[in-house]
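Below: one structure, written as structure tokens.
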């Protein structure tokens, strides 16, 4: 039908526009976060734009479901508000509309599944590896040339990097310059207790105690980050341990939200025929945002077994699916103020 093709086209166009606007806003916010991290030395300035590119699929993974229900409500609420009588006379009910849009629904669900289960986890892991690499001890060693600005709220270390070790290492405590540590040579080792810096032939200057202490060797504990490894979704599916299942459900819950939210938005938009476009769109948006928040909340679930994990992740989806079905009941419409029954 012409109306079905029109609805499909309008929904796709509006999803693209809303996604573009939201992505621009979120990307600018993430850029400011990376910029503030670069100021305190948590990420190198040269890596900011690469990190933005690598974390973009993760942003799209959240933005896309938002764009879907916003676009669906924007397209369908005025149609049902202005043309509900014509649609009903032509037997074009919300159920018929959803069936006619089955290809669109399948495409939206497939896109969300690809983003959430495959594209986003891979590039997010690569982006996190980049950030972790910038926070290693080796990445923080700088070679001073001329006047060097010290990074506040973190240690500043300067020296010469060799293939296996370092030389002429000097540490400054933030911007105070009241305490510094020097070592003629150093190397990093790791064991069960973590990473350690082994300094040789150096001294410690402490202005607060007006003291200087020389040492032949010193051991300094390091907080070296654990590099994030990407685990393919199919490998998670084949694994039976609890943590793998937790990560798998985290990757699948957004596509499930996208599907149920899309069906709910298509069904609920029909209420604009007696509620009005603005009220229906507002309630539809608020319910979907609440649904999304409750969907993301179990990501840090502390479930102790598989059954509890499934309950934590999918209980909210079952509730909203039941709510979507109840929208078609005459009792529900009458309860919500529809007087045409």
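The values are calculated or read from the model by the stated rules, or taken from the named source; none is laboratory data. Treat the numbers as computed from the prediction; the structure is a model and nothing was measured. Note: ideal-geometry Cβ built from the backbone for every residue, glycine included; neighbour counts use all protein chains shown.
Does residue 168 satisfy the criteria of being at pLDDT 75 or above, within 22 Å of residue 214 (Cβ to Cβ) and exposed (fewer than 15 other Cβ atoms within 10 Å of the Cβ)? Outline the logic, then answer.
Details: at pLDDT 75 or above: yes; within 22 Å of residue 214 (Cβ to Cβ): yes; exposed (fewer than 15 other Cβ atoms within 10 Å of the Cβ): no.
In short, no.
Please specify each residue of the stretch 156-165 satisfying the condition of being modelled with pLDDT under 70 and either closer than 16 Å to residue 199 by Cβ or surrounded by 15 or more Cβ atoms within 10 Å (Cβ to Cβ) (or both).
Going residue by residue through the stretch 156-165, those that are modelled with pLDDT under 70 are 163-164.
164, the sole residue that qualifies.
For every residue, the table says whether it meets (1) under 25 Å from the mean Cα position of the chain (by Cα); (2) at pLDDT 80 or above; (3) in the same structural domain as residue 278 (by TED's automatic domain parsing).
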position	(1), (2), (3)
78	no, yes, yes
87	no, no, yes
92	no, no, yes
96	no, no, yes
100	no, yes, yes
103	no, yes, yes
112	yes, yes, yes
116	yes, yes, yes
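When you scan the stretch 130-142, do you find a residue that is within 26 Å of residue 260 (Cβ to Cβ), assigned to a helix (DSSP H, G or I) and assigned by TED's automatic domain parsing to the domain that holds residue 260, even just one? Give the derivation first.
Taking the stretch 130-142 and keeping what is within 26 Å of residue 260 (Cβ to Cβ), we get none.
Scanning the stretch 130-142 turns up no residue that is within 26 Å of residue 260 (Cβ to Cβ), assigned to a helix (DSSP H, G or I) and assigned by TED's automatic domain parsing to the domain that holds residue 260.
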